[in-house]
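The values are calculated or read from the model by the stated rules, or taken from the named source; none is laboratory data. Note that the structure is a prediction, hence the values are computed from the model and not measured. Here Cβ is always computed from backbone atoms with ideal geometry, including for glycine, and neighbour counts include all displayed protein chains.
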Amino acid sequence: MKTFLSSRARRLKPSATLAIAALEKEMRGRGIDVVGFGAGEPDFPTPSHIREAAKRSLDRGETFYTPVGGTPALKNAVAQRVRDDYGLDYKAEEILVSCGAKHCLANVFQAVLDPGDEAIVLAPYWVSYPEMIELADAVPVIVPTREGTGFVPDPEEVEARITPRTKAILVNSPSNPTGVLYPAEILAELARIAEKHDLLVISDEIYDKLVYDGGKFTPFAALPGMKDRTILVNGVSKTYAMTGFRIGYLASTRTDIVKAATNIQSQSTSNPASTAQAAAVEALTGPQDEVARMVEVFEKRRNLMIEEINKIEGLSVVKPGGAFYAFVNTSRLYLSGKVSNSADLARYLLETRHVACVPGGPFGSEDHVRLSFATGEETILKGLERLREVCQELL
Ligand SMILES: Cc1ncc(COP(=O)(O)O)c(C=O)c1O
C-alpha cells in the first residue's frame, strides 16, 4: 500500500529534547538510577499561590471556552507585566495568548512566512525553530555562531546571508542551548540590520528572567525603533515552573500579524485551557519572590556545574549568562573512534553510565551536548563524575 503521509510530515523530525526525556523516564520506570541532565524545565514545583489560583478558577466554574486569543484578564496581566518590567505598552489587540511560547512561534511562522521565504536562525538554535519554519514551507537560513566568540553572533555574517527572500530574523537571548545573553552592542547591530533590510524580528524571550551575574536583559522591542518590527514572544513555563500549563504569549504593534496568528489559532486549537490562563494571571500579577529564589538556586548550580566541567580533561564550555543549560564541547572525545558524534556520545553516556543529556546535533552542533542544571547539586556532582569517567575512557 502507498504511504498516506504528506511530504511535510515525512520531512519533520521529532523533538530531540522530548525524545531523550521519554527514554530517560522509561529507564527510570525500569528502576535504573538515571542522572538526568536532559530537563528543559525547572525542577521546582509550581508556586502554591499559582496552583491555588487554578483551583479557585475551577471552583468558580471557569471550565468553558474563553476568547480564542486569551481572556481579557490574562491579556491585561501580560500588558501590565511587560509595561512594569520593560516600559513597553501594548493594547489587548496587540497580544495573543497561546498554548505555550512554542505555539506562539508556530502561529507567527504560519502567519508571516510564504513558501520559499527565508528566516534567519542563529546556530546553535533551539531544536524547534528550523522545523517550525519548514512546516510553514519556508527556509531556515542557519547562521553559525562560535564557541571561541562566546556564541555571540557576528552581525556581518548575519547581514551577508540576507537575500530578497529574507523576511525575519529569529533572536533568542538568553539562548537555549548555549545560555548566552547577547551583549547590548550586538542587539543594537541586529536592530540596525533589521531596519536597513526591512525585516521582522521574532524575539523569543522565554528565559528573560533567568539571568545571572546581575546581567541585564533587554527586550528587543525596547531597542530604539524596534517596537514596530518586533514580535515579542514569552510565556510562563520557565519563569514560574509552569511547563505543563502550556501558556505563552506574544505582543506586537503589528496588529495584522497578531490578528492573523489569532485566526490561525482559532482554526487549529482555539483558546488555551481556561484553568491554565487563570493560573497564568496569578503568576504574572501575584508575588514574584519565588522567581528570585529560583534564580538564586539556578545560579549556584550553574557555578557548580561550570566549575566541575572545567576540571574535566577533554571538555570545554562557555559559561552561560542565562537559562539553565551548559552547552559542552565534547568533540575531543570523538577522536577515539568509539563515538563519532553527539548522538553517539549521548547514547554511550546513557547506556554505560546512565547519564541522560541531549545531543547537540539537533541544535545545530555535533561538537556539543547540552547539560541542564535544572537539577539538584548532588545530581550535578554525580553525573559529572560519571562524565569524567567516560572522558577518561574515550580520550
Ligand atoms: C528557546 C525556547 N523557546 C520556547 C520554548 C517553549 O516554551 P513553552 O513551554 O512556553 O512552549 C522553549 C522550551 O524549551 C525554549 O527553550
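Consider region 140-178 and keep the residues that are of a type in the set (A, V, I, L, M, F, W, C) and in a loop (DSSP other than H, G, I, E, B). The one that is farthest from the ligand (Cβ to nearest atom) is ILE162.
If I ask for residues that are of a type in the set (Ser, Thr, Tyr) and without any contact (Cβ under 8 Å) to a residue 60 or more places away in the chain, which ones from region 341-373 would you list? Scanning region 341-373 gives SER342, TYR348, THR352. How do the pairs read when you match residues in region 94-111 that are more than 10 Å from ARG246 (Cβ to Cβ) with residues anywhere that are among the basic types (Lys, Arg) and within 12 Å of the ligand (Cβ to nearest atom), using Cβ under 7 Å and keeping only pairs 6 or more apart or on different chains? Qualifying pairs under 7 Å: none. Name the residues in region 375-384 that are farther than 18 Å from VAL318 by Cβ and touching a residue at least 24 places away in the same chain (Cβ under 8 Å), would you? If the condition is that a residue be farther than 18 Å from VAL318 by Cβ and touching a residue at least 24 places away in the same chain (Cβ under 8 Å), then THR375, GLY376, GLU377, THR379, LEU381, LYS382, GLY383 are the ones that fit.
Of the residues making up region 11-22, one or more are in a loop (DSSP other than H, G, I, E, B), in the same structural domain as ALA343 (by TED's automatic domain parsing) and either over 19 Å from the mean Cα position of the chain (by Cα) or surrounded by 13 or more Cβ atoms within 10 Å (Cβ to Cβ) (or both).
Tell me the residue from THR239, THR218 that is in a loop (DSSP other than H, G, I, E, B), closer than 30 Å to ALA278 by Cβ and among the polar types (S, T, N, Q), please.
THR239
For region 89-122, the set of residues classified as more than 13 Å from the ligand (Cβ to nearest atom), of a type in the set (Gly, Ala, Ser) and either closer than 24 Å to PRO359 by Cα or not in a loop (DSSP other than H, G, I, E, B) (or both) consists of ALA92, ALA111, ALA119, listed by residue number.
Would region 320-336 turn up any residue that is surrounded by fewer than 16 Cβ atoms within 10 Å (Cβ to Cβ), out of contact with any helix residue (DSSP H, G or I) (no Cβ under 7 Å at 6 or more places or on another chain), hydroxyl-bearing (Ser, Thr, Tyr) and under 24 Å from ALA106 (Cα atoms)?
The answer is no; no qualifying residue exists.
For (1) outside any loop (DSSP other than H, G, I, E, B); (2) in contact with a His (Cβ under 9 Å, 6 or more places away or on another chain); (3) modelled with pLDDT under 95; (4) not small (Gly, Ala, Ser), each residue gets a yes or a no:
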{"site": "SER340", "(1), (2), (3), (4)": "no, no, yes, no"}
{"site": "ALA343", "(1), (2), (3), (4)": "yes, no, yes, no"}
{"site": "LEU350", "(1), (2), (3), (4)": "yes, no, yes, yes"}
{"site": "SER365", "(1), (2), (3), (4)": "no, no, no, no"}
{"site": "ALA374", "(1), (2), (3), (4)": "no, no, no, no"}
{"site": "LYS382", "(1), (2), (3), (4)": "yes, no, no, yes"}
{"site": "ARG388", "(1), (2), (3), (4)": "yes, no, no, yes"}
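Of the residues making up region 316-367, those that are more than 17 Å from VAL180 (Cβ to Cβ) and among the small types (Gly, Ala, Ser) are SER331, SER336, GLY337, SER340, SER342, ALA343, ALA346, ALA356, GLY361.
Yes or no, residue by residue, for (1) closer than 22 Å to ARG83 by Cα; (2) more than 16 Å from the ligand (Cβ to nearest atom); (3) out of contact with any helix residue (DSSP H, G or I) (no Cβ under 6 Å at 6 or more places or on another chain):
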residue	(1), (2), (3)
ALA188	yes, yes, yes
ILE193	no, yes, no
ASP208	yes, no, yes
LEU223	yes, yes, no
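Is it the case, given these coordinates, that MET294 is in contact with a strand residue (DSSP E or B) (Cβ under 9 Å, 6 or more places away or on another chain) and more than 16 Å from ALA54 (Cβ to Cβ)? The answer is no for MET294. Just to be sure before I move on: is LEU135 within 16 Å of the ligand (Cβ to nearest atom) and surrounded by fewer than 18 Cβ atoms within 10 Å (Cβ to Cβ) in the structure I sent? Answer is yes for this residue.
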